Amino acid sequence: MTVDLSQVSTADLHRELARREGVKEIVYGPEDNVYICGNDGVIIDDYGPVRVLVNAD
């Protein structure tokens, strides 16, 4: 069964995923320099606020 989530706000989706087991939320404030990179290079090089979800499942 497919569920259409297109009408659910991004903020609501983020809150729901952040509370799930196996998901870690990392929160950076406006004064934090955020530097995230992966195998393909830099993804983010900016200042917060930034909320990152890491899905370990």
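The values are calculated or read from the model by the stated rules, or taken from the named source; none is laboratory data. What you see is a predicted model, and the numbers here were worked out from it, not measured in a lab. No Cβ is skipped: glycine too gets one built from the backbone with ideal geometry, and neighbour counts run over all protein chains shown. We work out accessible area using only protein heavy atoms, side chains counted, and drop any ligands, DNA or RNA first. Shrake-Rupley method; radii C 1.70, N 1.55, O 1.52, S 1.80 Å.
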With 5 Å bins from 0: P(r) over the chain, alpha-carbon pairs, percent: 4, 16, 18, 20, 23, 12, 5, 2, 0
What list of ³J(HN,Hα) couplings, whole Hz, do you get for the range 6-11 from phi and the Karplus terms 6.51, -1.76, 1.60, once you set θ to phi - 60° and write x for glycine and proline? 5, 8, 8, 5, 4, 4
Point-to-point label distance, Arg19-Tyr47, nm (Cα→Cβ direction, 7 Å offset): 3.3
Taking the Cα-to-Cβ direction at Asn39 and at Asn55 and moving 7 Å from each Cα, how far apart do the two end points lie in nm? 1.8
Let me spell out the model: positive unit charges on the Cβ of Lys and Arg, negative unit charges on the Cβ of Asp and Glu, origin at the Cα centre of the chain. What dipole size does that give, in debye rounded to 20? 180
Under the rule of -39500 (n - 2.57) per DSSP H run of 4 or more residues, summed and divided by the residues of the chain, what mean residue ellipticity at 222 nm is obtained, to the nearest 500 deg cm²/dmol? -4500 deg cm²/dmol
Quote the accessible area belonging to Ile43 in square angstrom, nearest 10, computed with a 1.4 Å probe and with ligands, DNA and RNA left uncounted. 120
